[in-house]
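Peer 1: Mind looking over this structure? Questions follow.
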Amino acid sequence: MAARDDRVKDTSTTTGTGNITLSGTAPSGFQTFNATIGQNIMLEYAIGGGAEWETGFGYLSGATTLVRETVAESSNAGALVSFSAGTKDVFCTLLAESIVDLSIAMAISGGNLLQ
């Protein structure tokens, strides 16, 4: 199993609403998706380029292919963004709805999720 590390970031020049092809090279100070998360493991992502942005849940189906499974929010009224030409930043993030879900679980469990 791949390590679960923070600071996972890549770039893409993918256009349209399909899968995102990552460059496979993390910017300095960051790590690649494939090296830290691996393939076929659900992750939370954010993609941004100019005024276009999207957050959601997805997974890598290959070393550099991010499948956009479910959109959480976007600059396209919550739907998949049809990204235009240009470089986009793609990174792992913790979505707001996940923080709320974790807070509820912590409250129900009395603050101990390991019980």
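Peer 1: Rounded, prolate or oblate: which one fits region 9-108, using the alpha carbon gyration tensor with axes a ≥ b ≥ c (rounded when a/c is under 1.5, else prolate when a/b beats b/c, else oblate)? Intermediate results must be reported in sequence, preceding the final value.
Peer 2: Details: a/c = 1.87, a/b = 1.28, b/c = 1.45.
Cα axes put region 9-108 in the oblate bin.
Peer 1: Got a sec? How would Arg68, Arg7 order by Cβ neighbour count within 10 Å, fewest to most? Please list the in-between numbers first.
Peer 2: Numbers: Arg68 19, Arg7 12.
Result, fewest neighbours first: Arg7, Arg68.
Peer 1: Further question on the same structure: With a 10 Å radius around each residue's Cβ, average the other Cβ atoms per peptide and rank 54-61, 81-88, 23-30, highest first.
Peer 2: 54-61, 81-88, 23-30
None of the figures in this text is laboratory data; all of them are computed from the coordinates on show. Since the structure is predicted, the reported quantities are computational estimates derived from the model, not experimental observations. In this analysis, Cβ positions are derived from the backbone assuming ideal geometry, glycine residues included, and neighbour counts consider all displayed protein chains.
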